[in-house]
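The values are calculated or read from the model by the stated rules, or taken from the named source; none is laboratory data. This is a predicted model, so every value here is computed, not measured. For neighbour counting, all protein chains shown are included, and Cβ atoms are generated from backbone atoms with ideal geometry for every residue, glycine included. When the accessible area is computed, the model is the full protein with side chains, heavy atoms only, and any ligands, DNA or RNA have been set aside. Shrake-Rupley method; radii C 1.70, N 1.55, O 1.52, S 1.80 Å.
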Amino acid sequence: MTQPQSESSQGVSLFDARPFFEKALIYGVQHGLIDQAKLATMAEEAPKGMVQIARYFGSEYLRPELEKARDRLVNLVSLHLQDASSGDLRAAATLLRDHSLLSRSKAGSDLLKTLIVMPQNTHFGMNERGAFSDRHIPQLARWSLASHADYQAEFLARQHAVQVVEAALWFAEQLGLAADDLQDAEPDGEAVIRTALLLNLMRRKELPDWVAFEKIIAGLRKQQMDAAQLTLPKNLPEAYRPVVESVRQSVLADWPRLLDARLPARKLFDHTPAFMGRYFWLEDGLSEVSHHDRSRSAAWDKLTQGHSDDGTVLTLCLCVAAGSAPKTLLTDKTAATLVRKIRKHGWQPALATQYLQAHAPEQHQNDFTGLWQEFVHEAQTTLLSDRDTQLQDALALLRRECNVA
């Protein structure tokens, strides 16, 4: 399709509000391009075209519909002629001479149908895919009466969206993601390109899930990458370079915050309004859960030094319930101090249960919680007893059930 151009003119002329079709027709007659026979043929075609258009958009039996169909016919022909001729009246008159009036009306309609199914923005989830269909007819009815200037402005805006979407699809293909999967994910095209540029910098070959994306950001921060290293891929098609360069500039604007290690990646990308949806990663809940579980298990193993025996778990829970720092091994002196603290200030077994739910590996939480609740039920009387003034019973209990050295 020829990209729309402004109507050409020479010198200074008065504004001419006539439809371009009329101007081209008069020019053709005045300059001998369109003869009387052609005019007669066009006069026969026009009523047929009006009826067809009226029927398509409503009813050919209503006078208002026929009058509107006449306006649509003239406008559709004008739209095609002005677009195809780039505003040159001689070229437009030649098109009228060489083709039927109805074919020029159809050509104008085809221009609008192409426009209507073009993406309106760069968000994959907000654009329809596929060819023109009956559901688009109301839009065609509106556009069939629009000016060439309005069509041109809309075309240029949508053409930019097309270029962004196509560039994003190219990057996705390079990174192993199918177009249908990208459509299902519903990101902004720019978000895909921004992430792809970061991947190109870090020499990654696949689109990341959140865990991998977080590691990429961590890598950027650790190495304090120079923004000058963020370049366009060497194999990027020339047609996409202008729009991708524009997106690259937006990444450069983000660079200080991307490299700011004081701001956790999750907070930056998921809780900062300006960055939400600005970059793209694959949503993989299983991967995130697995990563979370591994992280939790690693933290638990570090806390318990790799031990998961009953005594270790109960010692840790006892400390938490008493409001002390979690430990997995107590001396006799520390154990006695803990019992005195419990008898003076009480204890909160529920805090230990919450601690297990927050820190213990998920696969062990039920067993650990059950173990702790059973201990609380059996040990509470002894730990809180006023009769055991020398702490003998309480310490004997802790030596038996917990880790007391």
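Want the number for Arg257 to Ala157: 0.36 nm per residue separation, take away the alpha-carbon distance, what's left?
33.0 nm
Each of Asp184 and Asp134 was given a label point 7 Å from its Cα along the Cα-to-Cβ line. The distance between the two points is 3.0 nm. Residue by residue, region 343-358 carries 3J(HN,Hα) couplings of 6, 7, 10, x, 9, 10, x, 5, 4, 5, 4, 4, 4, 4, 5, 8 Hz when phi is fed to the Karplus relation 6.51 cos²θ - 1.76 cosθ + 1.60 (θ = phi - 60°); x denotes Gly or Pro. Charging the Cβ of each Asp and Glu at -1 and of each Lys and Arg at +1, and nothing else, the dipole of the chain about its Cα centre rounds to 940 debye.
One chain, two ends: Ala17 and Tyr61. Fully extended at 0.36 nm per residue, the span grows by 12.8 nm beyond their Cα-Cα distance.
Computed from the alpha carbon atoms alone, the convex hull of the chain holds 237 Å³ per residue. Here's the list of aspartates and glutamates a cross-link from Lys68 could span, going by alpha-carbon distance under 15 Å and ignoring same-chain residues fewer than 8 apart: Glu60. Accessible surface for the chain, divided over its residues, is 55 Å² per residue with a 1.4 Å probe.
Applying a threshold of 28 Å to the alpha-carbon distances of Lys215/Lys327; Lys113/Lys234; Lys48/Lys113; Lys23/Lys106 flags Lys215/Lys327; Lys113/Lys234 as lying beyond it. Summing +1 for each Lys or Arg and -1 for each Asp or Glu among the other residues whose beta-carbon sits under 13 angstrom from that of Asp393 gives 0. Phi angles across region 49-64 convert, under the Karplus curve 6.51 cos²θ - 1.76 cosθ + 1.60 with θ = phi - 60°, into 3J(HN,Hα) values of x, 4, 5, 4, 5, 4, 5, 5, 9, x, 9, 7, 9, 9, 4, x Hz, Gly and Pro given as x. Bridgeable aspartates and glutamates around Lys38 (alpha carbons under 14 Å apart, same-chain partners fewer than 8 residues away excluded): Asp98. Length available on full extension from Met276 to Lys302: 0.36 nm per residue minus the Cα-Cα distance, which gives 6.0 nm.
For region 172-274, carbon and sulfur atoms together expose 48% of the accessible surface, with a 1.4 angstrom probe and every protein chain in place. Net charge of the neighbourhood of Val164, taken over other residues with C-beta under 10 Å away and scored Lys/Arg +1, Asp/Glu -1, is -3.
For the chain, leaving out every one of the GluC sites (Glu not before Pro) that falls in a DSSP loop and has at most 16 other Cβ atoms within 10 Å, the longest unbroken run is 284-405. Sorting 77-89, 96-108 by their mean Cβ neighbour count within 10 Å, with the most densely packed peptide first, gives 77-89, 96-108.
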